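What follows is a short report on a single structure.
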Amino acid sequence: MTATDQLLFQGADWDFQTLQRISDACEEIARSELGLSTYPNQIEVITAEQMLDAYSSVGMPLFYKHWSFGKHFAYEEASYRRGLMGLAYEIVINSSPCISYLMEENTATMQTLVIAHAAFGHNHFFRNNYLFKQWTDAEGILDYLEFAKRYVAQCEERHGRQAVEQTLDAAHALRSHGVDRYAGKKKLDLRAEEERAGKRRLYEETAFNDLWRTVPAGPVKSGAVLSAERRRKLLGLPQENLLYFLEKSAPRLQPWQRELLRIVRHIAQYFYPQSQTKVMNEGTATYVHYRIMNRLHELGKLSDGNFLEFLKSHTSVVFQPEFDDRGFSGFNPYALGFAMMQDIERIVTDPGQEDREWFPDIAGSGDAMAVLRDVWANYRDESFISQFLSPRLMRHYRMFHLHDDPEQKEGIRVDAIHDERGYRRLRRELARQYDVGVIDANIEVVDVDLAGDRRLVLRHNVVKGAKLNEADTVRVLQHLANLWSYDVSLVEVDEADVVLKEHKMTPRPVAAVA
C-alpha cells in the first residue's frame, strides 16, 4: 500500500498547488533520470470552448483574424456538442517558454499525464530536433504572431476587409508551397521581422523594381529582351517557394500585400518541421509520459487507482487496428512512434542475434536514453523509420506490401513478405510514405515571359504517375493568377520530361486597391 502523505494527489480533483507539485515531480524525473533538456515551461488551463478556439487557429495563442478560422470553429463546436468528436487533453506550442494548454475538465491523473507528455516530451523534442533548430525560431514566434495580428488589423482598417481577405485567401491556398524545403537558407530571426517590415515598406514606396523596369514598354526590338539565362537569374528561377517568388516579383502587388504574403509564409515555415516529424514527435512524447508515469507510481506518488486510470487512457492513445480491421486507415503515429521507441530500448538493453545483425551500432550498447536522445535530435520520420524499424516490429504489426500496377496483367500482388529482402523493402516503402519529397507535389516556377504577355510558367514533376487533382489545381491556380495579375500556366511532366497535361488560368479582374 502507498502512504497517503507521499501521493501527489488523491482522487480526481486538483488545484493550482497540485499542478505545481505534479510539474515539479515530472521535471525531477525528466531531468535527472531521462536526461531531457527543455525550454522553460508555461502551463495554462483553458475551457472546452477555448480549446475549440485553439483548434480553429491551428493551436496558436495569438493569430490574425480570418473567416476560415471562424468556419472551423463553428464546425468543430457543432461536432463536439453533438458528441461526434472529443477534445484533445492538451495543446503544446513550440515556443520559448513552451506553452502547454491543459483542459480544465481533466482529472488530476490526466493533468499529470499531459504535463509529462507535453511539457517535457514534446518540449524536449522541439528544443533538440535538428529540423526545429534549423527552421523555427522558438524565441521569437510569439512576438512575431503579435506583430502579424496587429499588422493584419491595420491593413483591414486602411484597405478594407474584403481586399485583405482576398490576399490572405490566395496566400493560404499557396502556403504548402510557401516554404523553403532544403537546408542552407538563413535561419529566420522573427524578433527582428517587425523592424525589417517597416524598413521594407519605406523602401518599396520610394523605389522601382529593377527587373520590371528592364521590360520594354513598346514593340520588342532585337537585343532589347533579356536573355533567358539572365531573365531567370534576375528572377531567382527555378523557385520552389511560390509565396517568396510572388512577394519579391509579382508586378502589381502593393507593399502591404507583399507583407501579408511574407507573414503567411513565415508561419507556414514554422509549421514545416511538424509535418515531417509527426511519428517521432508523438512517439517521443508518449514514450516520455509512459516512463514518467511509471516512475511516479514506483515512487509511491501515484495511487494504484490513478495509475490504472492512466493506463486506460494510454492504451487508447496507442491502439492500432489490425490491417484487416474495418477501422484500419493507416498507422497511428502515437502507436508506431511509441512502439519504435520501446523497441529501440529493447535492442539497446536486451538484443537478440537478429537485432545485432540489423543494428550493430546500438545493439547491446546499454544506455537506452543516450541512444534515444540522439535519435530524437538527428532524425525525421522518413529517416527514422528507414533506419530503426526492426523485423521484430514488422512481424508484430504483421506488415506486408501490396503492389497494384494497372499496366500489369496480374493486377494486385504481394510484393514483400517476412524474409530478408522483404523486411528491407517493407521498411523502405513505409518510410517513403513519410518522405515530403514524395508526398508533397514538386512544383516550381521555371520562367516568366517578360517580352510578351508576362505569363508565369510553372512545372510539376510527376512521380510514379501521380498527377495533380484537377479541381484543386484549378482553384489554386486561380489564386496564383490573381496574385500574379497575368496569365499562369502549369505543365505536368513525367520522369522522361514528357508533358502529360497543361493547366492555364487567367486572373480575375479586381478593383484597384490602395
Tabulated pairs, the range 41-64, first at positive phi, second among the aromatic types (Phe, Trp, Tyr) and at pLDDT 80 or above, C-beta under 9 angstrom, 6+ apart or interchain: VAL58/PHE271; GLY59/TYR101
Note: among SER79, SER23, SER56, just one is modelled with pLDDT of 90 or more, of a type in the set (S, T, N, Q) and within 30 Å of LYS149 (Cβ to Cβ), namely SER23
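Closer than 30 Å to SER329 by Cβ and not assigned by TED's automatic domain parsing to the domain that holds PHE400, is that true of LEU450?
No.
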Answer yes or no: is there a residue in the range 82-100 that is modelled with pLDDT of 90 or more and β-branched (Val, Ile, Thr). yes
State the number of residues belonging to the range 132-150 that are assigned to a helix (DSSP H, G or I) and closer than 30 Å to ASN281 by Cβ. 13
Specify the residue that is nearest to PHE400 (Cα to Cα); the eligible residues are those in the range 317-328 that are of a type in the set (A, V, I, L, M, F, W, C) and assigned to a loop (DSSP other than H, G, I, E, B). PHE323
Looking for something more than 21 Å from the chain's Cα centre (by Cα) and either of a type in the set (Val, Ile, Thr) or surrounded by fewer than 21 Cβ atoms within 10 Å (Cβ to Cβ) (or both) - is there at least one such residue anywhere in the range 114-133? yes
Mind listing whichever residues of the range 157-185 are at negative phi, without any contact (Cβ under 8 Å) to a residue 24 or more places away in the chain and not aromatic (Phe, Trp, Tyr)? GLU157, ARG161, GLN162, LYS185
If we keep just the residues of the range 101-127 that are of a type in the set (Phe, Trp, Tyr) and either touching a Pro at 6+ places or on another chain (Cβ under 7 Å) or at pLDDT 95 or above (or both), which is nearest to ASN306 (Cα to Cα)? PHE120
Please enumerate the residues belonging to the range 95-113 that are β-branched (Val, Ile, Thr) and surrounded by 22 or more Cβ atoms within 10 Å (Cβ to Cβ). ILE99, THR109, THR112
Does the range 280-300 contain at least one residue that is assigned by TED's automatic domain parsing to the domain that holds ASP24, part of a helix (DSSP H, G or I) and surrounded by fewer than 18 Cβ atoms within 10 Å (Cβ to Cβ)? yes
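Report whether or not HIS314 is closer than 19 Å to PHE9 by Cα and part of a helix (DSSP H, G or I).
no
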Selection from the range 250-276 of residues among the polar types (S, T, N, Q) and outside any helix (DSSP H, G or I) yields GLN254
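The values are calculated or read from the model by the stated rules, or taken from the named source; none is laboratory data. Keep in mind it's a predicted model, so treat the numbers as computed, not measured. Heads up, the Cβs are rebuilt from the backbone with ideal geometry, glycines too, and the neighbour counts pull from every protein chain shown.
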